[in-house]
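I'd like to ask some things about the structure below.
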Amino acid sequence: MNEEFAFAKLRAKLFDCELPSPLVLASGPRSFNAASLLEAYKAGAGAVVTKTIRSTLPDNPTPHLIKPSSKGSQNTLFNAEEWSDISWEQWVYQEIPLLEDHPGALIVSVGHTAQDIEKFVEPLVACKTVDMIECVSYSGDSIIPLITAIRSKTDLPILAKLSFNWGSELFSIAGEALNAGCDGFTAIDSIGPALYIDIETGSPMLASEGGKGWISGAAIKPLALSVVAELKKRFNKPVVGTGGVFSAEDIIEMTMAGADAVGVCSAPILYGNEWFSKTLHKLDRWLVEFEYTSLEEIIGYALPKLYTNQISNGLEFNFDPLLCTLCRRCVEVCPYNAREISGIMPRERNIQMSLIEEICRSCGLCSSVCKPKSLTSKIIQ
Ligand SMILES: Cc1cc2nc3c(=O)[nH]c(=O)nc-3n(C[C@H](O)[C@H](O)[C@H](O)COP(=O)(O)O)c2cc1C
């Protein structure tokens, strides 16, 4: 890793590997070959995951990766990109050897079935420079035999990459994956199938069958967080929390949910590899500001709070008229018309906020939309 980004507070650990930063470049277009992986390490990634290697080459539709332009799709990507378009032979004999002196961890992604990897698993795990294997598959039925096949050939740590698409079976598959010999998880993969339509032409945005593709980025972060927290609680194994991370605050949130390291794919696609260094600087400053000595200290910090049954007796609101901008969002969003506000700017002219308590359901929406934090609420216990 570039010395400039070697922040002591941000060091992370995945199995026995010391990572110079908690950021893991997730499998995707920015991990397409050795040169692109080296670029990510140089920019500040503590670990990198190769694009998924299979025994056959993909046939990607054109186009297969777009940034939806619709309002509300900020920091979201839509793709129908398949696995690596570089052969396993090229990975094993040319690309991976180029990563010999890599500064963090090298995670090789393989998929999608046990049969797929038969030809190359042995030469792959014999590469001294590989630190971990990540198994990815489209279904729970195929990821378990895939893990079993790899475990029979190596003692390297294995991460099972989990998909939110597996619904309620996700956690039983995760348990089976551990029984099959995996050591931790990457959660989550992009989600789909989804569809975007260009309303000027009526055509699908992607050229895949039915225009279907996979969503990644900001839209999936809350789903990723919930899976990471649940995995940590149930199994207490290392987790690379992946999905929708774009800012230092997102990294903190993912870490507090239980992630030991944080995977990113869409952010460096949309903002370039410079994103790593910029975000690590911000993360370091955040830790200083909130007086944490390391990021490691806050792994799983939110978990005890997530799983305690809070008994609530409503919300207690606090209103600071000096912070209010009279934007009226609190009034607009109340479905029950329970909130009223009156007054004129400047603020000193006595802004009045009131609540009709008999019709308020204590949902909390009014205070959550208040940007200047003039209206705040806390749970009455
Ligand atoms: C264009 C694109 C290609 C991807 N290719 C792969 C892949 O080959 N193998 C894989 O396991 N995940 C792949 N992913 C999923 C990412 O590794 C990651 O799990 C997902 O995008 C969520 O992270 P993000 O929100 O930071 O992008 C791909 C994602 C995108 C956007």
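Restricting to DSSP loop positions (anything but H, G, I, E, B) with no more than 11 other Cβ atoms inside 10 Å of their own Cβ, which chymotrypsin sites (Phe, Trp or Tyr not before Pro) remain in region 221-297? Before the final figure, lay out the partial values.
Values: sites: Phe235, Phe246, Tyr271, Trp275, Phe276, Trp286, Phe290, Tyr292; in loops: Phe246, Phe290, Tyr292.
For chymotrypsin sites (Phe, Trp or Tyr not before Pro) across region 221-297 that sit outside H, G, I, E and B with at most 11 neighbouring Cβ atoms in 10 Å, the list reads Phe290.
The chain: percent of C-alpha pairs farther apart than 32 Å? Kindly include the intermediate steps, with their values, before the conclusion.
Working: 29549 of 72390 pairs.
Tail of P(r) above 32 Å: 41 percent of Cα pairs.
Can I ask one more? Quick query: amide H of Leu19 versus all other amide H atoms, modeled in the peptide plane; which residues come in under 5 Å with a sequence gap of 5 or more or a different chain?
Excluding prolines and chain starts, which carry no amide H, the hits are Ala12, Lys13, Leu14.
Post the alpha-carbon centroid distance, region 355-369 to region 101-138, in whole angstrom.
The two parts, judged by their Cα centres, are 52 Å apart.
Between Ala105 and residues 5 or more places away or on another chain, which pairs have amide H atoms under 5 Å apart, with H built 1.01 Å from N, and which residues are they?
Ala47, Val48
Taking amide H positions as placed in the peptide plane 1.01 Å from N, state which residues far from Phe185 in sequence (5 or more) or on other chains have amide H under 5 Å from it.
HN-HN under 5 Å from Phe185: Ala160, Val239, Val240.
Select from region 271-308 those GluC sites (Glu not before Pro) which occupy a DSSP coil region and have at most 16 other Cβ atoms within 10 Å, ordered by residue number.
Passing sites in region 271-308 are Glu291.
At a 1.4 Å probe, what is the % contribution of carbon and sulfur to the accessible area of the chain? Each step should come with its number before you reach the end.
On the way: 9350 of 18500 Å².
The value for the chain is 51 percent carbon and sulfur by accessible area.
Let me ask something additional. Report, in cubic angstrom per residue, the convex hull volume of the C-alpha atoms of region 189-250.
Values: hull volume 6.7 nm³, N = 62.
Output value, Cα hull per residue: 108 Å³.
Okay, next question. Step through the residues of region 57-73 one at a time and calculate ³J(HN,Hα) from phi using the Karplus curve (6.51 cos²θ - 1.76 cosθ + 1.60, θ = phi - 60°), rounding each to whole Hz and writing x for Gly and Pro.
Those phi angles translate into 9, x, 10, 6, x, 10, x, 10, 8, 9, 9, x, 8, 5, 4, x, 9 Hz.
How big is the accessible area of Leu98 in square angstrom, nearest 10, if you roll a 1.4 angstrom probe over the protein chains?
Using a 1.4 Å probe on the heavy atoms, I get roughly 110 Å².
Fully extended, how many nm does the chain gain between Ser87 and Asn337 (0.36 nm per residue separation, minus their Cα-Cα distance)? Mind dumping the intermediate values first?
On the way: separation 250, 0.36 × 250 = 90.00 nm, distance 6.15 nm.
83.8 nm is the gain from fully extending Ser87 to Asn337.
Give me the number: length gained by fully extending Thr308 to Lys9, i.e. 0.36 nm times residue separation minus the C-alpha to C-alpha distance, one decimal in nm.
Details: separation 299, 0.36 × 299 = 107.64 nm, distance 2.95 nm.
That pair, Thr308 and Lys9, stretches by 104.7 nm at full extension.
Right, next: Evaluate E = 1/(1 + (r/R0)^6) for Thr129 and Ile379, where r is the Cβ-Cβ distance and R0 equals 56 Å; express this FRET efficiency to the nearest 0.05.
On the way: r = 51 Å, r/R0 = 0.92.
My answer for the efficiency is 0.65.
Dipole magnitude of the chain about its Cα centre, charges +1 at Lys/Arg Cβ and -1 at Asp/Glu Cβ only, in debye to the nearest 20? Please report the intermediate quantities before stating the final value.
Details: 33 positive and 45 negative charges, 238 e Å.
Roughly 1140 debye, rounded to the nearest 20.
Another question, then. May I ask you to order 322-332, 177-187, 13-23 by the average number of other C-beta atoms within 10 Å around their residues, highest value first?
In decreasing order of mean packing, 322-332, 177-187, 13-23 become 177-187, 13-23, 322-332.
P(r) for region 315-379, please, calculated from all Cα pair distances in 10 Å bins and given in %.
23, 59, 18, 0
Under 18 Å from the Cα of Lys67, which lysines turn up, not counting those fewer than eight places away in the same chain?
Hits, sequence-local ones excluded: Lys212, Lys221.
Now a separate question. Plugging the Kirkwood radius over Cα pairs into Stokes-Einstein for region 227-381, at a temperature of 4 °C and a viscosity of 1.567 mPa s, what D comes out in µm²/s?
Working: Rh = 18.6 Å.
Approximately 70 µm²/s, per Stokes-Einstein.
How large is the convex hull of the C-alpha atoms of region 82-191 per residue, in Å³?
Values: hull volume 10.7 nm³, N = 110.
Once divided by residue count, the hull of region 82-191 is 98 Å³.
Moving on to the next point. Please report the net charge: other residues with Cβ closer than 14 Å to the Cβ of Lys13, K and R +1, D and E -1.
Details: positive: Lys9, Arg11, Lys237; negative: Asp16, Glu18, Asp131, Asp183, Asp260, Glu296, Glu297.
Counting the neighbours of Lys13, the net charge comes to -4.
Please compute the length gained on full extension between Lys42 and Ile199, using 0.36 nm multiplied by the number of residues separating them and subtracting their Cα-Cα distance. Mind showing how you got there, number by number?
Values: separation 157, 0.36 × 157 = 56.52 nm, distance 4.07 nm.
Between Lys42 and Ile199, full extension yields an extra 52.5 nm.
Lys237: which aspartates and glutamates have alpha carbons under 15 Å from its alpha carbon, excluding same-chain residues fewer than 8 sequence positions away?
Cα-Cα hits under 15 Å: Asp16, Glu134, Glu176, Asp183, Asp260, Glu296.
Follow-up question, since we're still on this one. Of Leu303, Ala219, Leu156, which is farthest on the positive side of the dipole of region 3-306, counting Cα position, with +1 on Lys and Arg Cβ, -1 on Asp and Glu Cβ, and the Cα centre as origin?
Leu303
Using packing as a proxy for protection, rank 256-264, 88-96 so that the peptide with the highest average count of other Cβ atoms within 10 Å comes first.
Values: 256-264: 27.2, 88-96: 17.8.
Ranked from most to least packed, the peptides come out as 256-264, 88-96.
Could I ask something else about it? Stokes-Einstein diffusion coefficient for region 1-160 at 37 °C in a medium of 0.692 mPa s, Rh from the Kirkwood formula over Cα pairs: what value in µm²/s? Write out the running numbers ahead of the final one.
Working: Rh = 16.5 Å.
The Stokes-Einstein estimate is 199 µm²/s.
Using the Karplus curve 6.51 cos²θ - 1.76 cosθ + 1.60 with θ = phi - 60°, work out ³J(HN,Hα) for each residue of region 19-31 in order, rounded to whole Hz, and write x for Gly and Pro.
These are the phi-based 3J(HN,Hα) values: 9, x, 8, x, 8, 10, 5, 6, 4, x, x, 7, 10 Hz.
Ordered by packing density, taken as the mean number of other Cβ atoms within 10 Å over each peptide's residues, highest first, how do 133-143, 194-204, 147-157 rank? Can you show the working numbers first?
On the way: 133-143: 21.4, 194-204: 12.2, 147-157: 17.0.
Descending mean neighbour count gives 133-143, 147-157, 194-204.
How about the chain: what cysteines have no other cysteine beta carbon under 4.7 Å from their own?
Here Cys17, Cys127, Cys135, Cys182, Cys265, Cys324, Cys327, Cys334, Cys360, Cys363, Cys370 come out as lacking a disulfide-compatible partner, given the Cβ-Cβ threshold of under 4.7 Å.
Residues with beta-carbon under 13 Å from that of Pro204, excluding Pro204: net charge, scoring Lys, Arg +1 and Asp, Glu -1?
On the way: positive: Lys212; negative: Asp198, Glu200, Glu209.
So the surrounding residues net to -2.
Shifting gears a bit: Specify, per residue and in Å³, the volume enclosed by the convex hull of the alpha carbon atoms belonging to region 106-251.
Per residue, the Cα convex hull of region 106-251 comes to 141 Å³.
When the helix-only estimate is applied to the chain (DSSP H runs of n ≥ 4, each -39,500 (n - 2.57), divided by the residue count), what is the mean residue ellipticity at 222 nm, nearest 500 deg cm²/dmol? Mind dumping the intermediate values first?
Details: 12 runs with 101 residues, N = 381.
The per-residue figure over the chain is -7500 deg cm²/dmol.
What list of ³J(HN,Hα) values in whole Hz, one per residue of region 104-118 in order, does the Karplus curve 6.51 cos²θ - 1.76 cosθ + 1.60 (θ = phi - 60°) give from phi, with Gly and Pro shown as x?
x, 9, 10, 10, 9, 8, 10, x, 9, 9, 4, 5, 4, 9, 3
Apply the a/c threshold of 1.5 to the C-alpha gyration tensor of region 31-95 and tell me whether it is rounded, prolate or oblate. Could you put the intermediate results ahead of the total?
On the way: a/c = 3.43, a/b = 1.37, b/c = 2.50.
Oblate is the answer for region 31-95, as a/c is 1.5 or above yet b/c matches or exceeds a/b.
Restricting to the chain, compute how many DSSP beta bridges are antiparallel as a %, nearest 5.
DSSP beta bridges in the chain are roughly 45 percent antiparallel.
The values are calculated or read from the model by the stated rules, or taken from the named source; none is laboratory data. Owing to the predicted nature of the structure, the values given are computational and were not obtained by experimental measurement. Glycine also receives a Cβ, built like all others from the backbone with ideal geometry; neighbour counts cover every protein chain displayed. Ligands, DNA and RNA are stripped out before the accessible areas are found, and what is left, the full protein with its side chains, is counted by its heavy atoms. Shrake-Rupley method; radii C 1.70, N 1.55, O 1.52, S 1.80 Å.
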